[in-house]
Amino acid sequence: MAKRGEAAEAAAVEFARAFETRLGPGRLRRRERLAPYVNWRVGGPAEWFFIARTPADLLAAVRVAREARLPVTVLGYGANVLVSDAGIPGLVILNRTEGVAISGAEIRAESGANLVALARRACEAGIAGFEFLIGIPGTLGGAIVGNAGTREEWIGERVLEVEAVDDRGEVVVWPASQLDFGYRRSRFQRTSDVVLAARLRGYRASRSDIEARMQQMLEARKHQPSGPSTGSVFKNPPGDYAGRLIEACGLKGYRLGGAQISEKHANFILNVGGATAREIRALIELAKAAVRDRFGILLEEEIRYLGTWDT
Ligand SMILES: Cc1cc2nc3c(=O)[nH]c(=O)nc-3n(C[C@H](O)[C@H](O)[C@H](O)COP(=O)(O)OP(=O)(O)OC[C@H]3O[C@@H](n4cnc5c(N)ncnc54)[C@H](O)[C@@H]3O)c2cc1C
């Protein structure tokens, strides 16, 4: 047992050394608490933690971890994840690669680009088609993984191609036709690829029209609950709304510890103070069971679970 512990520590020292050699000293942190980096403000530590500021950082960090056979998890704004209280093993990379370049109606953006900033940049350049991003917190990478959007529009429709690093550390360029975009779905949910950048296409429109549409989108969100959440927890089942079903089960406002099903919108769960990941997950399971028992419908999570769970 003691031998195994020593071997693990030796491997950790070797990984930290390899990481520093490639990415510079003092940038890799050990056992960093993740709650401050995710929207729900819950979750335990990352075994290893690194903030990538450039695409070269991101690629090198992924490669060093792959060489050390450590799992890699990328976090954008953590606006669609529940990190377990036990935390995430391996390397967690906080993606802050934010470069955006515009040419005609095309945008090439790094995967850490902020979606709201992207919508505004497109507007300034007279490129329409990205207005719906104005109300969606997150990075481009997270949006591509989950094909983020509204009921009418989603990011996959705007993607021409995606540059990613695969599980062998090779850079691959995927055309949109191979990305299997569907309702809150993409191929990246089934692989360990890390999204590096994407080429997107909009269409030309007047700035004032684009601004007016963004304003409408923001107005439509005015009634959304505020507070630490991930937006909608569940996907809407065909022909219905997860929020309506949960509300019909009498769960609006239901509270478990510091986690509460929103009183305004039953598909939102809020951290109303001191919630744990376990409490949020228990509330998710409770809502799922209630909807299944009452309506025979199995709700599917839109959010993704990260880290080690003992369920
Ligand atoms: C108030 C509120 C409103 C919201 N409204 C909407 C909405 O209208 N529509 C909608 O679709 N979503 C909505 N969301 C959810 C969220 O904004 C989106 O899912 C967003 O795309 C999350 O981006 P992120 O960068 O924070 O991803 P994260 O939550 O950080 O990550 C999501 C998943 O993607 C993975 N990932 C992230 N970056 C990469 C990368 N570069 N390479 C590989 N994997 C990666 C993560 O490991 C994780 O599995 C809302 C959230 C909030 C809090």
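For the reader, a short list of remarks on this structure follows.
- Residues that are surrounded by 15 or more Cβ atoms within 10 Å (Cβ to Cβ) and charged (D, E, K, R) within segment 276-303 comprise ARG278, GLU279, ARG281, LYS288, GLU301, GLU302, listed in sequence order.
- Where strands (runs of 3 or more DSSP E) fall wholly inside segment 1-103, the ranges with 3 or more residues that are in contact (Cβ under 8 Å) with a residue 60 or more places away in the chain and under 19 Å from the mean Cα position of the chain (by Cα) are 72-75, 81-83, 88-95.
- A single entry from LEU28, LEU23, LEU59 fulfils the requirement of being hydrophobic (A, V, I, L, M, F, W, C) and within 13 Å of the ligand (Cβ to nearest atom): LEU59.
- Any chance GLN215 is more than 23 Å from LEU70 (Cα to Cα) and surrounded by fewer than 20 Cβ atoms within 10 Å (Cβ to Cβ): yes
- Residue match in segment 116-139 (condition: within 15 Å of ARG213 (Cα to Cα), of a type outside the set (Val, Ile, Thr), within 12 Å of the ligand (Cβ to nearest atom) and part of a loop (DSSP other than H, G, I, E, B)): no
- Residue selected from segment 199-221 under the condition over 22 Å from the mean Cα position of the chain (by Cα) and assigned to a loop (DSSP other than H, G, I, E, B), by the criterion farthest from ARG108 (Cα to Cα): SER206
- Filter result for the condition that a residue is assigned to a loop (DSSP other than H, G, I, E, B) and more than 11 Å from the ligand (Cβ to nearest atom), over GLY250, GLY227, GLY243, GLY231: GLY250
- Selection count, segment 122-152, where residues are among the β-branched types (Val, Ile, Thr) and closer than 21 Å to LYS222 by Cα: 3
Residue-wise test of (1) touching a helix residue (DSSP H, G or I) at 6+ places or on another chain (Cβ under 8 Å); (2) within 15 Å of the ligand (Cβ to nearest atom).
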site: SER262; (1), (2): no, yes
site: ASN267; (1), (2): yes, yes
site: ASN271; (1), (2): yes, yes
site: GLY274; (1), (2): no, no
site: GLU279; (1), (2): no, no
site: ALA282; (1), (2): no, no
site: ALA287; (1), (2): yes, no
site: ASP293; (1), (2): no, no
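- Qualifying residue in segment 190-213 (condition: without any contact (Cβ under 8 Å) to a residue 24 or more places away in the chain and either within 15 Å of the ligand (Cβ to nearest atom) or under 18 Å from LEU75 (Cα atoms) (or both)): yes
Coordinate-derived values only; no laboratory data. Since the model is a prediction, treat every value here as computed from it, not as a measurement. All Cβ positions, even for glycine, are placed from backbone atoms using ideal geometry, and neighbour counts span all protein chains on display.
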